[in-house]
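The values are calculated or read from the model by the stated rules, or taken from the named source; none is laboratory data. Predicted, not measured: the structure shown is a model, and the values here were computed from it. Cβ placement follows ideal geometry from the backbone for every residue including glycine, while neighbour counts extend to all protein chains displayed. Ligands, DNA and RNA are stripped out before the accessible areas are found, and what is left, the full protein with its side chains, is counted by its heavy atoms. Shrake-Rupley method; radii C 1.70, N 1.55, O 1.52, S 1.80 Å.
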Amino acid sequence: MACVRKREGRWVVDYRDHTGRRHIEKRFKTRKEAEHRLRTIQQDIDQGSYEAPTGARRFDELADAFEIGHIAVQLRATTARDYRTNLRLHLLPFFTCRKLRSITRNTVDQFRRHLLEKGTGRRTVNKCITLLAGMFVFAVERDWIVRNPAARFKKLPAESDPRDDVDESILSPAEIRLLVNAAEGRWRLIILAAVTTGLREGELLGLRWQDVSLSRRRIHVRQQYTDGRFSKPKTKASRRAVDMPTVLAHELRAWKLACPKGPEDLVFPNGAGNPESHGNLLSRGYYPALRRAGVRR
């Protein structure tokens, strides 16, 4: 039971916080001051904004702990990079010196408006709020705060962009035929594979011969190559078997004899047998084929 009492000539507040931990604050000259402090503490506990005076963490401390305890050990490389970028560019400049217990839903709403006013895209704003909510979950789990002030924020609707229109951004069958015919060398086959199987770029760059069944005309997606490293597909649905047409199986059978050999035994490696880069695929293969075909980029 929380109470106010006199101890060694001073009024003290004796209470237990939301975790059951006992605290005694001893700095009050009058009973009135102590009772006011106790009412404030009880109100903060009820509202979920209480944090013990000896553990008033700052946002930058949370960011450091989140980096060590979550980003560095739990996330894929691409996600970790996005988190670090948004922390550095958006979250830390706004929240760095703030005490965690001082951040409310109103603060988070102010942060979102701040991003929009400076011209940050809605997709990035939504990512920042999602990251912020995840960081506060991390803090709640460690009893640094009681409640997540960024929980249940609705995502901003996506901005309309004429480039998102399918008819404007997807090549027609006739354009695809021109593109494949204009592609040269090893680039032609990977473009043909993309067109006929729907595999993502990283899945094609990480594809190994052991995952290709030419006799059954099937490709098993078991790994991908993105941002300079191999990794497993992110979801169960991404780990799948994909049928290939006869024309692709025929060309892959011929390509297997000429394919540069490397330690990963990749289907679409570079000239030395090592993983091909995203930049080379675009700048040396895809974009030149578009130009030769006279097809829009």
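General observations
- Subset tally (residues that are more than 18 Å from residue 63 (Cβ to Cβ) and in contact with a His (Cβ under 9 Å, 6 or more places away or on another chain)) for the range 99-136: 2
- Residue 143 acidic (Asp, Glu), out of contact with any Leu (no Cβ under 8 Å at 6 or more places or on another chain) and assigned to a helix (DSSP H, G or I): no
- Checking residue 242 against (1) surrounded by 12 or more Cβ atoms within 10 Å (Cβ to Cβ); (2) closer than 17 Å to residue 186 by Cβ, the condition it does not meet: (2)
- Selection status of residue 30, touching a residue at least 40 places away in the same chain (Cβ under 8 Å), touching a strand residue (DSSP E or B) at 6+ places or on another chain (Cβ under 7 Å), more than 25 Å from residue 103 (Cα to Cα) and of a type in the set (Ser, Thr, Tyr): no
- The single condition among (1) in contact with an Asp or Glu (Cβ under 8 Å, 6 or more places away or on another chain); (2) under 23 Å from residue 285 (Cβ atoms); (3) charged (D, E, K, R) that residue 217 does not meet is (2).
- Within the range 54-77, one or more residues are in contact with an Asp or Glu (Cβ under 6 Å, 6 or more places away or on another chain), surrounded by fewer than 14 Cβ atoms within 10 Å (Cβ to Cβ) and part of a helix (DSSP H, G or I).
This table checks each residue for (1) modelled with pLDDT under 80; (2) surrounded by 16 or more Cβ atoms within 10 Å (Cβ to Cβ); (3) part of a helix (DSSP H, G or I).
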| position | (1), (2), (3) |
| --- | --- |
| 1 | yes, no, no |
| 6 | no, no, no |
| 15 | no, yes, no |
| 27 | yes, no, no |
| 32 | no, no, yes |
| 39 | no, no, yes |
| 45 | no, yes, yes |
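Residues checked against (1) under 30 Å from residue 70 (Cβ atoms); (2) open to solvent by 70 Å² or more (accessible area, probe 1.4 Å):
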site	(1), (2)
146	yes, no
150	yes, no
154	yes, yes
157	yes, yes
178	no, yes
182	no, no
196	no, no
202	yes, no
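- Residue within the range 126-135 that is basic (Lys, Arg) and at pLDDT below 95 present: no
- Evaluated against (1) in contact with a strand residue (DSSP E or B) (Cβ under 7 Å, 6 or more places away or on another chain); (2) aliphatic (A, V, I, L, M); (3) assigned to a loop (DSSP other than H, G, I, E, B), residue 295 falls short on exactly one condition, (1).
- Selection within the range 265-297 - of a type in the set (D, E, K, R) and buried (at least 18 other Cβ atoms within 10 Å of the Cβ): 276
Okay, residues lined up against (1) without any contact (Cβ under 8 Å) to a residue 24 or more places away in the chain; (2) of a type in the set (Val, Ile, Thr):
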| site | (1), (2) |
| --- | --- |
| 35 | no, no |
| 49 | no, no |
| 59 | no, no |
| 64 | yes, no |
| 81 | no, no |
| 104 | no, yes |
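- For the range 103-121, a residue qualifies if it is surrounded by 15 or more Cβ atoms within 10 Å (Cβ to Cβ) and not β-branched (Val, Ile, Thr), and the qualifying residues are 111, 112, 115.
- Selection status of residue 234, open to solvent by 60 Å² or more (accessible area, probe 1.4 Å), touching a residue at least 60 places away in the same chain (Cβ under 8 Å) and not in a strand (DSSP E or B): yes
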